[in-house]
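**Student:** Here it is, the structure in full.
The values are calculated or read from the model by the stated rules, or taken from the named source; none is laboratory data. None of these values were measured; they are calculated from a predicted model. With ideal geometry, Cβ positions are generated from the backbone for all residues, glycine too; neighbour counts draw on all protein chains shown. These area figures cover heavy atoms from the full protein model, side chains too; ligands, DNA and RNA do not enter into them. Shrake-Rupley method; radii C 1.70, N 1.55, O 1.52, S 1.80 Å.
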Amino acid sequence: MSKEKTAQLRKFVAPFEKADVKASVRQLVNTIPPAILFWFLAYQALDISILLTIALSAVTSGFIIRMFIIFHDCTHGSFFKNKKANAIVGTFTGIMTLFAFEKWKREHSIHHASSGNLDKRGVGDIWVMTIEEYVEATKWERFKYRMYRNPLVMFGLGPIFLILISSRFNRKDARKKERNNTYLTNVCIVVLYSLLIWAIGWQSFVIVQGTTMFIAGALGIWLFYIQHTFEDSYFEDESEWDYVKAAIEGSSYYKLPKVLQWVTGNIGFHHVHHLSPRVPNYNLEKAHDSTPPIQMATTVDIKLSLKSLRYKLYDEKNKRFVTFGEVKHLLLKNAVA
């Protein structure tokens with residue numbers, strides 16, 4: 001795709017950047033009450049079967065993911081036209097999903113401004129090493145990276161770290177507004193969880209809320225992972241990096257069954273979202289269908305997405321992801337040298 005053509009894409013999606021208050025309110029209604037209802041049913045099911053509770057908690061986690069997409073849109077200022085409305089709903093849904101609104105807003109904006117930029121990795125992204133960096137790293141650094149990229153760690157320990165640690169503390173350079181919002185979010189979570197534990201007991205709370213948030217967290221990390229980790233994803237040095245190319249070539253179209261597309265708030269149209277974060281989630285599919293050039297983004301289905309778990313390192317020379325096995329000979333060669 002030439003730079004001239006990519007420069008026009010943002011103009012094509014401009015008509016879809018308008019928030020629709022009715023659509024936004026409708027989404028709040030069909031997301032938050034059902035989440036609360038299924039959470040309550042999961043708790044009630046403890047008297048019947050713990051397996052039924054786990055199943056209902058899994059359903060609840062789907063609504064939590066959908067609620068997170070609302071939160072995510074609010075951080076981009078795309079869910080409502082009104083800035084204050086986005087901040088209020090974003091803070092509330094952030095408390096419900098365990099994320100601080102202002103903290104996520106800043107870090108995620110950095111992700112959008114640097115996605116695919118090899119010189120600006122490290123904020124709001126999943127860490128990726130190039131082949132050259134991996135080969136030149138120490139054994140300890142390679143071990144840490146291999147552990148980080150291990151699916152059991154990324155999707156098993158990842159949600160726990162994200163919820164209990166990463167989302168609870170501000171970065172050193174956070175401003176007062178961001179810090180206060182994080183403090184407010186943490187206090188509200190403590191109060192809410194204390195009341196729930198008092199009402200239903202800590203064992204029931206851990207089973208229901210623990211299962212719900214763990215599943216939601218693991219699936220959330222998975223969605224973020226697959227939307228940027230596919231064989232021919234886009235990565236460039238700062239001097240060659242291009243925002244529009246990073247959006248279209250570095251973000252996948254995760255084609256999901258309609259039910260899962262609804263649950264995930266259309267975030268599978270991630271290439272559209274990265275091209276224009278101002279497009280609310282309920283307009284992403286419309287923007288995709290109405291703009292043929294955008295449809296050239298890499299399409300990934302569930303079967304193909306599972307293969308992405310093999311991809312660990314980025315090959316700058318050939319512009320693609322590779323497995324650890326593909327660089328073994330380079331490690332041996334480097335060790336001999």
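**Student:** Once you list every other residue whose beta carbon is under 12 Å from the beta carbon of Asn318, what net charge do they have if Lys and Arg are +1 and Asp and Glu are -1?
**Tutor:** Summing Lys/Arg as +1 and Asp/Glu as -1 gives -2.
**Student:** Okay, moving on. Let me know the shape class of the stretch 208-337, please: from the alpha-carbon gyration tensor, a ≥ b ≥ c as square roots of the eigenvalues, rounded when a/c is under 1.5, otherwise prolate if a/b is greater than b/c, or oblate.
**Tutor:** Oblate shape, in that a/c is at least 1.5 and b/c is the bigger or equal ratio.
**Student:** Could you give the size of the charge dipole of the stretch 160-199 about its Cα centre, using +1 on the Cβ of each K and R and -1 on the Cβ of each D and E, expressed in debye and rounded to the nearest 20?
**Tutor:** Charge dipole of the stretch 160-199: 260 debye, to the nearest 20.
**Student:** Something else about it: Note down the Stokes-Einstein diffusion coefficient of the chain in µm²/s, whole number, using a Kirkwood radius over alpha carbon pairs, 20 °C, and 1.002 mPa s. Show your work: numbers first, answer last.
**Tutor:** On the way: Rh = 21.2 Å.
In µm²/s, the coefficient rounds to 101.
**Student:** With only Lys, Arg, Asp and Glu charged, each at its Cβ (+1 for the first two, -1 for the last two), find how big the charge dipole of the chain is about the Cα centre; round to the nearest 20 debye.
**Tutor:** Result for the chain is approximately 560 debye, rounded to the nearest 20.
**Student:** Using a Gaussian network model on the chain with a 10 Å cutoff between Cα atoms, which of Ser251, Ser114, Ser194 fluctuates the most?
**Tutor:** Of Ser251, Ser114, Ser194, the Gaussian network model singles out Ser194 as fluctuating most.
**Student:** Roughly how many Å² is the accessible area per residue of the stretch 33-84, as a whole number, for a 1.4 Å probe?
**Tutor:** Counting only protein heavy atoms, the per-residue value for the stretch 33-84 is 46 Å².
**Student:** Which whole-Hz couplings ³J(HN,Hα) result when phi for each residue of the stretch 96-107 is put into the Karplus expression 6.51 cos²θ - 1.76 cosθ + 1.60, θ = phi - 60°, listed in order with x for Gly and Pro?
**Tutor:** 5, 9, 6, 10, 7, 4, 5, 5, 5, 4, 6, 5
**Student:** Considering amide H positions built from the backbone, and no H for Pro or chain starts, which residues 5 or more places from Met129, or on another chain, come under 5 Å of its amide H?
**Tutor:** For Met129, the qualifying residues are Tyr314.
**Student:** On average, how much area does the Cα convex hull of the stretch 71-222 cover when viewed from any direction, in nm²?
**Tutor:** Projected area, direction-averaged: 10.8 nm².
**Student:** Let me ask something else about it. So how far, in whole Å, is the C-alpha centre of the stretch 296-330 from the one of the stretch 108-172?
**Tutor:** Answer, in whole Å: 16.
**Student:** If amide hydrogens are placed 1.01 Å from N in the peptide plane, which non-local residues have theirs closer than 5 Å to the one on Arg320?
**Tutor:** Here the answer is Asp315, since their amide H atoms fall under 5 Å of that of Arg320.
**Student:** Report the local net charge at Lys83: Lys and Arg +1, Asp and Glu -1, summed over other residues whose C-beta lies under 14 Å from its C-beta.
**Tutor:** With Lys, Arg at +1 and Asp, Glu at -1, the net is +3.
**Student:** Taking +1 at the Cβ of each Lys and Arg and -1 at the Cβ of each Asp and Glu, which of Ile197, Thr138, Met154 sits farthest along the dipole of the stretch 133-211 towards its positive end, judged by Cα position relative to the Cα centre?
**Tutor:** Selected residue: Thr138.
**Student:** May I pose another question? Whenever you get a sec, line up Arg106, Arg175 from highest to lowest accessible area (probe 1.4 Å, protein heavy atoms).
**Tutor:** Sorted by accessible area, descending: Arg175, Arg106.
**Student:** Sticking with this one: For the stretch 197-206, in order, what is each residue's ³J(HN,Hα) by Karplus, 6.51 cos²θ - 1.76 cosθ + 1.60 with θ = phi - 60°, in whole Hz (x at glycine and Pro)?
**Tutor:** Those phi angles translate into 5, 5, 7, 10, x, 5, 5, 5, 4, 4 Hz.
**Student:** With a 1.4 Å probe and every protein chain left in place, work out the accessible area per residue of the stretch 130-283 in Å², rounded to a whole number.
**Tutor:** 51
**Student:** Can you give the longest run of the chain that contains no GluC sites (Glu not before Pro) sitting in a DSSP loop with at most 11 other Cβ atoms inside 10 Å?
**Tutor:** Working: sites that count: Glu238, Glu240.
The longest uninterrupted stretch comes out as 1-237.
**Student:** Take every DSSP beta bridge with both residues inside the chain and express the antiparallel ones as a percent of the total, to the nearest 5.
**Tutor:** 45
**Student:** Dividing the convex hull volume of the Cα atoms of the stretch 141-262 by its residue count, what figure in Å³ per residue is obtained?
**Tutor:** Normalising the Cα hull of the stretch 141-262 by residue number yields 197 Å³.
**Student:** Can you find, among Val128, Ile95, Thr31, the residue sitting farthest towards the positive end of the charge dipole of the stretch 27-171, where Lys and Arg contribute +1 and Asp and Glu -1 at Cβ?
**Tutor:** Positive-most Cα among the choices belongs to Ile95.
**Student:** Between His329, Thr299, Ala287, whose Cα lies farthest towards the positive end of the dipole of the chain when Lys and Arg beta carbons carry +1 and Asp and Glu beta carbons carry -1, centred on the Cα centre?
**Tutor:** In the chain, that residue is Ala287.
**Student:** Moving to a separate point now. On the full set of protein chains, 1.4 Å probe, figure out the accessible area of Trp127 and give it in Å² to the nearest 10.
**Tutor:** Trp127 has an accessible surface of roughly 100 Å² with all protein chains in place.
**Student:** Residues with beta-carbon under 14 Å from that of Met154, excluding Met154: net charge, scoring Lys, Arg +1 and Asp, Glu -1?
**Tutor:** So the environment of Met154 carries a net charge of +4.
**Student:** Next question, about the same structure. If you count only protein heavy atoms and use a 1.4 Å probe, how large is the accessible surface of Phe63, to the nearest 10 Å²?
**Tutor:** Here the residue's solvent-accessible area equals roughly 30 Å².
**Student:** What are the ³J(HN,Hα) couplings of the stretch 41-51, residue after residue, when phi is run through the Karplus curve with 6.51, -1.76, 1.60 and θ = phi - 60°? Round to Hz, x for glycine and proline.
**Tutor:** My calculation for the stretch 41-51 gives 5, 4, 5, 4, 5, 4, 6, 9, 6, 5, 5 Hz in order.
**Student:** A follow-up question, please. Quick check: at a probe of 1.4 Å, how many percent of the accessible area of the chain sits on carbon and sulfur atoms? Display every interim value, and only then the final one.
**Tutor:** Working: 11170 of 17250 Å².
Carbon and sulfur together cover 65 percent of it.
**Student:** Can you tell me the Rg and Dmax of the stretch 1-128, counting just the alpha carbons, in angstroms?
**Tutor:** 18.5, 63
**Student:** Tell me, in nm to one decimal, what length is gained between Arg175 and Leu52 on full extension, where the rule is 0.36 nm per residue of separation less the Cα-Cα distance?
**Tutor:** Computed gain between Arg175 and Leu52 is 39.8 nm.
**Student:** Using the Cα centre of the stretch 47-112 as the reference point, and only Cβ charges (+1 on K/R, -1 on D/E), how large is the resulting charge dipole? Debye, rounded to the nearest 20.
**Tutor:** Once rounded to the nearest 20, the dipole reads 380 debye.
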